[in-house]
1. Quick one: in region 269-304, of everything that is aliphatic (A, V, I, L, M) and closer than 21 Å to ALA52 by Cβ, which residue is surrounded by the fewest Cβ atoms within 10 Å (Cβ to Cβ)?
2. Mind listing whichever residues of region 167-186 are over 18 Å from the mean Cα position of the chain (by Cα), touching a residue at least 60 places away in the same chain (Cβ under 8 Å) and not in a strand (DSSP E or B)?
3. Go through (1) buried (at least 17 other Cβ atoms within 10 Å of the Cβ); (2) out of contact with any Pro (no Cβ under 6 Å at 6 or more places or on another chain) and name the single condition GLU6 misses.
4. Looking at (1) touching an Asp or Glu at 6+ places or on another chain (Cβ under 9 Å); (2) of a type outside the set (S, T, N, Q); (3) assigned to a strand (DSSP E or B), which one does GLU10 not meet, given that it meets all the others?
5. What is the residue count in region 187-239 for residues that are without any contact (Cβ under 8 Å) to a residue 40 or more places away in the chain and in a loop (DSSP other than H, G, I, E, B)?
6. Look through THR270, THR280, THR235 and report the one residue that is in contact with a Gly (Cβ under 7 Å, 6 or more places away or on another chain), hydroxyl-bearing (Ser, Thr, Tyr) and at negative phi.
7. Can you pull out every residue in region 69-122 that is surrounded by fewer than 14 Cβ atoms within 10 Å (Cβ to Cβ) and part of a strand (DSSP E or B)?
8. Return yes when THR48 is in contact with a Pro (Cβ under 8 Å, 6 or more places away or on another chain) and either assigned to a strand (DSSP E or B) or within 23 Å of ALA188 (Cα to Cα) (or both) and no when it is not.
Amino acid sequence: MTADSEAPRELVVGQSDAVTVAFADEHADVCGVARIGRALDESGAVVTSGLAVLFAGGSPVAVRAEGGVPAGEGLGWGRAEAAGVWTEVVDPLRAWRIHFDSEDGEHSFLLDLEAVSTPAVLDGDAATAKLGGMEGYDQLIKVTGRVTVGGVQRTFSGRGQRGHSWGAPDWDKLTLARTMGVWLDGDAGVTLTAVRGTKASSHADESIHAVLLGRDGETGEPVSLVVADPRVSTTYDAEGRQRHAGLELYETDESPYARRAAGEVACGTTLDLGRLRLDTAFFTWRMEGRSGVGRYDVLRRVEA
């Protein structure tokens, strides 16, 4: 990844390009996710889409989505705005800003984002990227700024994850995609993407890509490691929403034991996206004596 990786991608019909930011405080009392995306409409013009969800006290307080908005002139992300969401790159791969306003003006956030990890890359040649049709990178971030809930402004300090992804997923060949972020004390964490094709009979047949993020014990520099054998277990409720999750991460093919993490839902909601259904949730996590928070999304195709 270089500074040029931050710029919006050149698009062809069927492709999308998006930046997604998720954040939560230490107790997952205030959480949010915001996405701004670009695509080509039928005429070949660039249009913008936006999605934002804000949680407070364990419940969603604001949800806003919008698509098909004509993109502003210029190539920077700061020219794109939809659903009250806009973002800008302050310092490529190091610092960003994101903003959201609800339609009624009662809820909003303006947050500064600072990278605390190296990019966790999902390369286009990876099996998960090929099956899912998307590639990109994610970084763990420190998040500070202000959040307004019900017209009352509060100072926010927490952690989160920023991702930039692009591609053309084919939902005729996919049934489910899961994305997970685990944000731990000490600037450590896990990013994970799992994709299930139509030929898969269960989650055991999913293609999974996971990256461990942390700091070198001697130099303190950010480091990343693609996990050789990542495994995910999830407990769902009667409506199919994720409630508990466990990770087993074998760093190499020869690793005699796995690094483990366990999480449970703190808040979540379900969004109807037409052909797709999104269950977006925030979890509290424990991993090897460290506590943390994170986001766990399940995007699935809705059968007729």
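The values are calculated or read from the model by the stated rules, or taken from the named source; none is laboratory data. These figures come from a predicted structure and were not determined experimentally. So basically every Cβ, Gly included, is an ideal-geometry build from the backbone, and we count neighbours across all protein chains shown.
1. Going residue by residue through region 269-304, those that are aliphatic (A, V, I, L, M) are 271, 273, 276, 278, 281, 287, 293, 298-299, 302, 304.
Now restrict to residues that are closer than 21 Å to ALA52 by Cβ: 271, 273, 276, 278, 281, 293, 298-299.
Details: LEU271: 16, LEU273: 13, LEU276: 16, LEU278: 16, ALA281: 26, VAL293: 27, VAL298: 22, LEU299: 19.
Residue satisfying both the conditions and the ranking: LEU273.
2. TRP171, ASP185, GLY186
3. The one condition GLU6 does not meet is (2).
4. The single condition GLU10 does not satisfy is (3).
5. So the answer is 17.
6. On the way: THR270 fails: in contact with a Gly (Cβ under 7 Å, 6 or more places away or on another chain); THR235 fails: in contact with a Gly (Cβ under 7 Å, 6 or more places away or on another chain).
So the residue among THR270, THR280, THR235 that is in contact with a Gly (Cβ under 7 Å, 6 or more places away or on another chain), hydroxyl-bearing (Ser, Thr, Tyr) and at negative phi is THR280.
7. PRO70, VAL90, ASP91
8. Working: in contact with a Pro (Cβ under 8 Å, 6 or more places away or on another chain): yes; either assigned to a strand (DSSP E or B) or within 23 Å of ALA188 (Cα to Cα) (or both): yes.
Answer is yes for this residue.
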